[in-house]
Amino acid sequence: MKADFLPQTNPLESLDEWEDDLLTRYPDPETIVQNKTVEEYRDYENTTRDTVKEFYKLNHTYQTYDFVMQKRNDYLKFDKKKMPVWSAFEFLNQLVDDSDPDTDLDQFQHLLQTSEAIRRDGHPDWMVAVGLIHDLGKVLCLFGEPQWAVVGDTFPVGCAYSDKVVYPEFFSLNSDYNNEVYSTKNGVYEEGCGLRNVTMSWGHDEYIYHIAKERIPEEGLYMLRYHSFYAWHREGAYDHLLDDHDRAMLKWVKLFNPYDLYSKNPTPPNWTELKPYYEDLVAKYLPAEIRF
Ligand SMILES: [Fe+2]
Ligand SMILES: [Fe+2]
């Protein structure tokens with residue numbers, strides 16, 4: 001992560017810290033048995049929980065309904081930058097994590113490990129493409145957005161918060177918390193209206209969804225748009241806003257999640273070998289030029 005932000009604005013030493021924290025909340029049972037003892041997980045929690053907690057405090061405080069609307073108006077114009085698709089991946093890689101250079105892979109390696117794990121399991125090629133691009137929206141950081149407006153668990157805004165969202169106690173700091181409409185169960189929405197009619201907190205999921213929405217099948221779009229909506233896909237919250245289509249799509253979001261969380265490996269994939277496959281894949285599912 002570039003160091004040009006104030007620490008109180010960006011408490012995480014790197015964006016990966018949020019994702020590493022997800023592993024303490026949702027550990028892979030196999031990973032625990034093979035590589036890490038429960039003790040080590042606890043050690044990790046002690047050293048990083050505070051920064052993650054501070055991060056969520058900011059996230060829950062400032063992700064108001066108005067803030068999200070403002071960001072949508074700004075970013076969904078896609079007037080920030082235009083670049084060939086492979087340059088977009090290079091652009092993303094400017095998000096270098098200098099806190100822990102020995103163990104952390106760059107952003108592209110995480111994308112490639114996710115897509116390769118999906119490919120190894122024989123899933124359709126559009127899902128491999130989803131793995132490859134799912135975090136591309138993190139370029140928001142390079143446009144000057146603070147960490148709390150790019151990563152972290154996402155949740156609906158404009159209605160009551162679920163206590164299944166991580167650190168729910170911090171929502172009392174949000175100015176929407178006492179709003180007479182936004183604080184009601186359904187808020188600005190109708191019961192069972194479907195997630196497509198629900199505005200989510202702003203971040204890299206929603207942004208990449210809009211970039212990819214003309215090109216990727218519906219199941220893949222759900223994976224992109226809701227991969228950080230843990231309160232839904234892991235905790236089963238917000239059922240009152242769902243429709244049958246969301247319920248049918250949930251299994252795809254759940255299918256994707258372990259590839260994102262548990263595919264990290266210190267050995268980088270062999271890009272030279274993989275390149276021809278990915279060039280074809282990208283040509284099939286992404287525009288030659290990406291507009292941010
Ligand atoms: Fe992500
Ligand atoms: Fe990811």
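Values in this text are rule-based calculations from the coordinates and carry no lab data. Since this is a predicted model, take the numbers as computed values, not measurements. Here the Cβ positions follow ideal geometry from the backbone for every residue, glycine too, while neighbour counts run over all protein chains shown.
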Going through Lys82/Lys213; Lys185/Lys251; Lys53/Lys80; Lys213/Lys251; Lys77/Lys254 one by one, the pairs whose alpha carbons sit over 21 Å apart turn out to be Lys185/Lys251; Lys53/Lys80; Lys77/Lys254
Just need the relative contact order of the chain here, percent rounded to a whole number, with Cα pairs under 8 Å and 6+ apart.
25 percent
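Counting other beta carbons within 10 Å of each Cβ, put Ser175, Ser263, Ser115 in order, fewest first.
Ranked by crowding around the Cβ, least crowded first: Ser175, Ser263, Ser115.
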Amide H neighbours of Ile290 under 5 Å, at least 5 residues apart or on other chains, H built in the peptide plane: list them.
Met83, Val85
Pull up the cross-link candidates among the lysines for Lys275, meaning alpha carbon to alpha carbon under 19 Å and not fewer than 8 places away within one chain.
Lys284
Once phi is turned into θ = phi - 60°, what whole-Hz ³J(HN,Hα) does the Karplus curve with 6.51, -1.76 and 1.60 give for every residue of the stretch 177-192, x standing for Gly and Pro?
4, 9, 5, 5, 8, 5, 8, 7, 3, 8, x, 7, 9, 9, 3, x
Would you please give the residues with an amide H less than 5 Å from that of Ala237, counting only those at least 5 places away or on a separate chain, with H modeled from the backbone geometry?
Trp232
Karplus 3J(HN,Hα) series, Hz, for the stretch 129-143 with 6.51 cos²θ - 1.76 cosθ + 1.60 (x for Gly, Pro):
4, 4, x, 5, 10, 4, 10, 4, x, 5, 4, 3, 4, 6, 8
Report the net charge of residues surrounding Ala117, where surrounding means a beta-carbon distance below 10 angstrom and charges are Lys +1, Arg +1, Asp -1, Glu -1.
0
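Could you list Thr272, Thr51, Thr114 so that the one with the fewest beta carbons within 10 Å of its beta carbon is first and the one with the most is last?
Ranking Thr272, Thr51, Thr114 by Cβ neighbours within 10 Å, fewest first, gives Thr272, Thr51, Thr114.
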Report, in deg cm²/dmol and to the nearest 500, the calculated mean residue ellipticity at 222 nm for the chain, where each DSSP H run with n ≥ 4 adds -39500 (n - 2.57) and the sum is divided by the residue count.
-14500 deg cm²/dmol
Provide the per-residue ³J(HN,Hα) series for the stretch 266-281, in order, calculated from phi with Karplus coefficients 6.51, -1.76, 1.60 and θ = phi - 60°, each as a whole number of Hz, with x at glycine and proline positions.
x, 8, x, x, 7, 5, 4, 5, 7, 3, x, 4, 6, 5, 5, 4
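Which value, in debye to the nearest 20, describes the size of the charge dipole of the stretch 16-291 about its Cα centre when Lys and Arg Cβ atoms bear +1, Asp and Glu Cβ atoms bear -1, and nothing else is charged?
Working: 29 positive and 50 negative charges, 170 e Å.
Charge dipole of the stretch 16-291: 820 debye, to the nearest 20.
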